Structure formats: C-alpha cells, structure tokens
Amino acid sequence: MINYTDKIPNNIDLGRDRVLQRALEHWQPAYLNWWHDTGPTESHAYDVYLRTATSVEPDGWAQFGYVRMPEYRWGIFLQPRDEKREVNFGIHKGDPAWQEVPGEYRSTLRRVIVTQGDTEPASVEQQRMLGLSCPSLYDLRNIFQVNVEEGRHLWAMVYLLHRYFGRDGREEAEALLDRRSGDTDNPRILGAFNEPTPDWLAFFMFTFFTDRDGKFQLCALAESAFDPLARTCRFMLTEEAHHMFVGETGVTRIIQRTCDVMKENKVEDPSDVRALGVIDLPTIQRYLNFHYSVTLDLYGSDVSSNAANYYTSGLKGRFEETKINDDHLLSEATYPVSEVVGGKIVVKQVSALTALNERLREDYIREIESGVSRWQRVIDKAGIPFRLTLPHKGFHRAIGNCAGHFISPEGEVLTEEAWKNHQHEWLPAPQDHAYVQSLMSGRVVEPGKFANWIAPPGRGINNQPLNFEYVRFN
Ligand SMILES: [Fe+2]
Ligand SMILES: [Fe+2]
C-alpha cells in the first residue's frame, strides 16, 4: 500500500532513508513552482474529479475523488520487487537483476533516465493552454488527469536520479525543471516535445501517437537489468494506458461527429463540411501524418551503435523481450532496415543489434495500424468513401536513413521542389490550424454539454453520468 500520510507519498519506505527523503523534500517545492508556472493555465483553484493511486496492485490502485491539482499526491510508486528476477538479455543474461547501478554504466543509464524524464514535464508544458478551449467538462477532466500523471512520471524518474546517481543525479533533477518545451535557449531534449500542441485535435493525436511512443520506451526500459528502473517503468505503464485511451477515443469522437454531420446534411466537400462547424476528414488525415511522422523520429536512427550497446549491456531490452524466442544476445541475427539509394527506397539487412531502434519503431507501428483501422471503421460504418491511411514511414522524417530525403506519403522519393508543392496536402497548413483553432475559441463547461465538433463519449469516468460535474471551477 501507498503511505499518504507522508509528505511525499511512496511505497519505498522513504522514511528509512533520511538523506534521500531530505533531498526529495528539497526538490518538492521546486517541482510545485514548476507546476504553478507551467502547469495547466488558470487551474489552480479548480476541484477536479481525479483518480489517485492507492496501491500498485492491479486491482486496487485507482481511487476517484475531487482534488485541487496543486494538492495532488504526487509520489513515488514502484512495482514490488521480485527477489528472483534475473537479467534477461545481453552479456549479463542470467545474472541477478541489479539493485545498484554498475559503475561502468552509470553515465549511460543516467542519460537514458534523463531523456525519458524530460518528456514528462514537456508534455504538460505543451498542453498548458488547452483547458481554455475544452470541448466539455469530461474532456477537461481527462486532460488534467493526463497532466498530473505526467507530473508523477517526472517524480518517478527524479526518484531514480536522486536515489542512485548522487550529486550528478540531483543536478539533473533540477535541470529537468529548468528546460522548457519550445524554448530557444533551453529546450526539451527531444524534437516532438518541442512542437506546440495548439488545439484539441493535436492533443488527441499527441496522446494517441506520442504517448504511445512513451509506452514502447517504457516497455523497453521495463526489461532493464537495473531493477529499480524496470519496476518504476512497470507502474508508469498502467498510467500510460489511460493517456492513449484519451487520445484514441478523442479522435474517434471527432471522426464520429464529422461523419454524423456529413451524413445528416449529405455533404462531402471539405469546405461544405467546415461550413457546418466540424473538422473535415482530410484535415484529420493531415494531422495524423504530422503526429505520426514526428513521433517516429523519437525512436532514433535506424542503425545505431548506441542502441546495440544499451542492449548488449542490459540497460534497455526489446518490446516484450521475455516473450521472444531467440538467444537474447543477437550476436548473429540480422534485421531489415530501409534506406534511400539512387532515388529509391531499398531494404537491406544489417546486424539486428544495431537495428533495435528500428525494431521498436516497427513494434509501435503495428499497434498504431490497428488503432487507425478502428478509426476507419467509424467512417466505413457511416458509408463514407474516405480512407485514413498511415503515410510511409520515411515520410517527413528528420532522424534516420530517410532524413534529408523528400519522401511522399506513398513512399516515393521526390525532388525537394515536388515535395514542397504538395506539402500542404500532406501536412496541416496554416489555414488548417486557423480553422481548427476557430472552432475552439472558448470552452464548453456546462455539465453534459459537448462542443459541436466532437461526439460525446460512450460512457463517463468511473461510471459517472456524462452530465457529472467533472470539474468545479470555484
Ligand atoms: Fe508519461
Ligand atoms: Fe503519457
């Protein structure tokens, strides 16, 4: 069980480690200042119907009630230790899982943890203005739930930094509160986390595409030989599932509403659809293309000696490592990666060890494909002849073998000029952003009401009715 009487709720017996407790109690006010300055705008006095973890057991962890977000019980929760856990891959395979950081991997592990940790506050910063244009109280509550949990994920990584990395770790924990999404001088570490999330369609796309990258990174880290990291990530994954739910159902509801309006009014042309105040399907496709492509970059280079080293040394495994039936060393195996040769995309075999980024990206893509096909079903059911498609994985990439090439969504290698002539058919144009923004000029806060551009959800949170007062503004 989690002890909520402590200043910092935890299930790690924090009170027994006075030095660590003091260090974290020192970091806590800095964290709250960060939340105050860059957390959800104007939200500090709201009472929000949030879930809070009460235990890390799968059946007992959610408790719902009104919480003032600055008083949310952010804390440190790890999955319980399995004394028998072993290293499952790489050159240390078969050793007992590490309870402390081996000296030779210290700086690499710290980098891995900082990079993951940096994404958590970044997304809160990216989303901070969206409360002012929420389509309903239900959605407002959901974004706040996502935000407080991203804050908790920051706590999770900061705990590891403080507990296992000494002074360097404490400095990194402070730097995590200093960087800002989109800042020119001190930006967040990864590209997609410096992109603006200007509207709710972008937010839902982000939580569908980019939070799912979070899931796959956490799954790979949950295999780590460094047991505290693995246990931390396992608990974070239970929270991540809700973020992806918010994204997937959010886009589904937008598509549903658009299809309903198109059918009711017998219109198909995007400008007629827009005239009815809903988001046309081609615009949804362009948002999808954008969020998918910038998220694919987060997996890194197709061929990477870093990825090979992380794996060989046991720091970061593959998705569902223990379910894979091979030697878990990959010393002989090969894996196909794409590259551009003479104006064509060709596939070549490389050492599987160096292709682990690409492999994780492809695991991710498989899950994305099924989500997109669920969106497609809404359109098919409405009898509308429109296909949502995933662009080629080389489209609009800034990292990896396709970076620097001009690849169409169909996977054709084009000249820069030809590509640029089409880019506004493929990616949101300023007019698309302006249109979507125009729909979201104010917030909808009457319980049970939803903005015109989105359908209500199938059911409320924690079995509450849709007209439940999910947020009280006071
Ligand atoms: Fe997260
Ligand atoms: Fe998330």
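The values are calculated or read from the model by the stated rules, or taken from the named source; none is laboratory data. In this text, all values refer to a predicted model and were calculated from it rather than measured experimentally. Cβ sites come from the backbone with ideal geometry, for glycine too, and all protein chains shown count toward neighbours. Keep in mind that these areas ignore ligands, DNA and RNA; they rest on the heavy atoms of the full protein, side chains included. Shrake-Rupley method; radii C 1.70, N 1.55, O 1.52, S 1.80 Å.
Placing pseudo-labels 7 Å out from each Cα toward the beta carbon at Lys263 and Phe245 gives an inter-label distance of 2.6 nm.
Helix screen, the chain: DSSP H segments with Cα axial length of 20 Å or more and mean Kyte-Doolittle hydropathy at least -1.0 are 18-38, 106-126, 137-164, 200-221, 227-265, 281-296. Solvent-accessible surface of protein heavy atoms, probed at 1.4 angstrom with all chains present, puts Thr207, Thr334, Thr354 in the order Thr334, Thr354, Thr207, largest first.
Ordering Tyr164, Tyr31 by accessible surface, largest first, gives Tyr164, Tyr31; the 1.4 Å probe counts only protein heavy atoms, with every chain in place.
Of the whole protein surface, Tyr310 contributes about 50 Å² of accessible area at a 1.4 Å probe radius.
Expressed as a whole percent, the accessible area of segment 1-144 that falls on carbon and sulfur atoms is 48 (1.4 Å probe).
Accessible area of Trp419 (1.4 Å probe, protein heavy atoms only, ligands and nucleic acids ignored): about 20 Å². Loop-located GluC sites (Glu not before Pro) across segment 306-400 with a Cβ neighbour count of 10 or fewer within 10 Å are Glu332, with loop assigned by DSSP. Can you give the longest stretch of the chain with no exposed loop site, where a site means trypsin sites (Lys or Arg not before Pro) in a DSSP loop (not H, G, I, E or B) with at most 15 other C-beta atoms within 10 Å? For trypsin sites (Lys or Arg not before Pro) (loop position, at most 15 other Cβ atoms within 10 Å), the longest site-free span of the chain is 94-265. Spatially, segment 400-474 and segment 229-272 are offset by 9 Å when compared through their Cα centroids. Computed from the Cβ-Cβ distance with R0 of 56 Å, the FRET efficiency linking Arg68 to Glu417 stands at 0.55.
For Ser373 and Asn467, the FRET efficiency from 1/(1 + (r/R0)^6), where r spans their Cβ atoms and R0 equals 51 Å, is about 0.95. The residues of segment 281-436 expose, per residue, 46 Å² of accessible area to a 1.4 Å probe. Once all protein chains are placed together, Met129 keeps about 100 Å² accessible to a 1.4 angstrom probe. In this label model, Ser305 and Asp178 are separated by 3.1 nm, measuring between points 7 Å along each Cα→Cβ vector. Stretched out straight at 0.36 nm per residue, the stretch from Thr322 to Thr334 would grow longer than its current Cα-Cα span by 2.4 nm.
Rolling a 1.4 Å probe over the protein heavy atoms of segment 175-218, with every protein chain left in place, gives an accessible area that is 46 percent carbon and sulfur.
With 0.36 nm allotted per residue and the present C-alpha distance subtracted, the Asn474-Ile384 stretch has 28.0 nm of extension available.
Across every pair of non-identical alpha carbons in the chain, the mean reciprocal distance, once inverted, gives a Kirkwood radius of 23.5 Å. Extension gain, Ser55 to Gln437, is 133.5 nm, computed as 0.36 nm per intervening residue step minus the present C-alpha separation.
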